[in-house]
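This report refers to the structure that appears directly beneath it.
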Ligand code: AMP
Ligand code: MG
């Protein structure tokens, strides 16, 4: 496998790998994707194998032009055009009824297909020169945090895929918002950078899949990927929620106690609080004044704690106004829903 720079010739080469049924990891504005030809059942099977992902968990088909959505959808509800005009290219995935062109291997056996037009210039150019639509889930080993740098991809998939296009660190750092428009009311199946309020400005009423916000494990999320046990760090992660002074005091006390018991501790801090913690490995996720910075750094921080091998992790809570729901959705899963209010 080569660690590639992206110039035109290398994108051509990567496109040829896709046309020949191989796998290429590539940068997008959300996270790195692991791409294969969406029309080639064996390429999709290879993606599942490389990730160690269950084959009933469907892939997102990446396109660079709206006509490609029309090419693979059985029918398009009016919301398709409205939402794509508003948010494509960008971090939104649409679920639509599929036609026969898309193999069931790509959709995990479903009669709907997930489609996204990324805005990352390298991704768009890569899809275009490949001449294919590119099926791609996140380019991580199943059960690990999604990759936000080419190095993360390398850590997980070195030797299992044909190439990595290195586009540096991604912009957003969390996976796309998934919006199901195959039923009556558009429904968010996975929160992301594009929020419910942003969608509602364009199409009116939008629902949130009860399965992704319910604490009740019997309410099943509609997106298969949201049902699986998700990434859990090696260390035992707890979110501490409350006013800043209370949170800092709680984490300092709990960390001191854990260290006294001989445990190693990691703390997810912000620029506003990093100087206030007195013990443990303190990693700064970003600034509370810049919620995008928190989204951008979340997965990288979780990987860092795994590399450091800390046994106990305390994190502040990040219910920020806009992207907070998407951040907390990922953080809650990583913490096994373990949050303490102080
Ligand atoms: P990833 O690209 O790794 O973020 O995974 C793609 C996500 O999209 C997973 O959570 C899938 O379950 C979800 N997904 C893909 N296709 C569909 C579909 N047709 N219906 C519902 N969810 C889907
Ligand atoms: Mg994923």
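We did not get these values from a lab; they are worked out from the coordinates using the rules stated. No experiment lies behind these values; they were computed from the predicted model shown. Cβ sites come from the backbone with ideal geometry, for glycine too, and all protein chains shown count toward neighbours.
Numbers below:
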item	result
Pairwise centroid distance, computed over Cα atoms, of the range 1-68 with the range 180-196, Å	24 Å
Rounded to 10°, Cα long-axis angle of helix 121-130 versus longest principal axis of the chain	30 degrees
Net length gained if the chain between residue 339 and residue 82 were fully extended (0.36 nm per residue, minus Cα distance)	88.7 nm
Whole-Å distance, taken between Cα centres, linking the range 281-302 and the range 209-275	14 Å
Burial order of peptide ranges 9-16, 27-34 (average beta-carbon count within 10 Å, highest first)	27-34, 9-16
Rounded to 10°, Cα long-axis angle of helix 8-19 versus longest principal axis of the chain	70 degrees
Least to most buried among 94, 237 (fewest other Cβ within 10 Å first)	237, 94
Helix 291-308 vs. the chain, principal-axis angle (Cα, 0 to 90°, nearest 10)	70 degrees
Spin-label pair residue 104/residue 232, simplified geometry with 7 Å Cα→Cβ offset, distance in nm	3.3 nm
FRET efficiency for residue 260 and residue 75, using Cβ-Cβ distance with R0 set to 56 Å, rounded to 0.05	0.30
Ranked packing of 158-166, 292-300, most packed first, by mean Cβ within 10 Å	292-300, 158-166
Listed peptides 175-186, 242-253, 305-316 by packing density, highest first (mean Cβ within 10 Å)	175-186, 305-316, 242-253
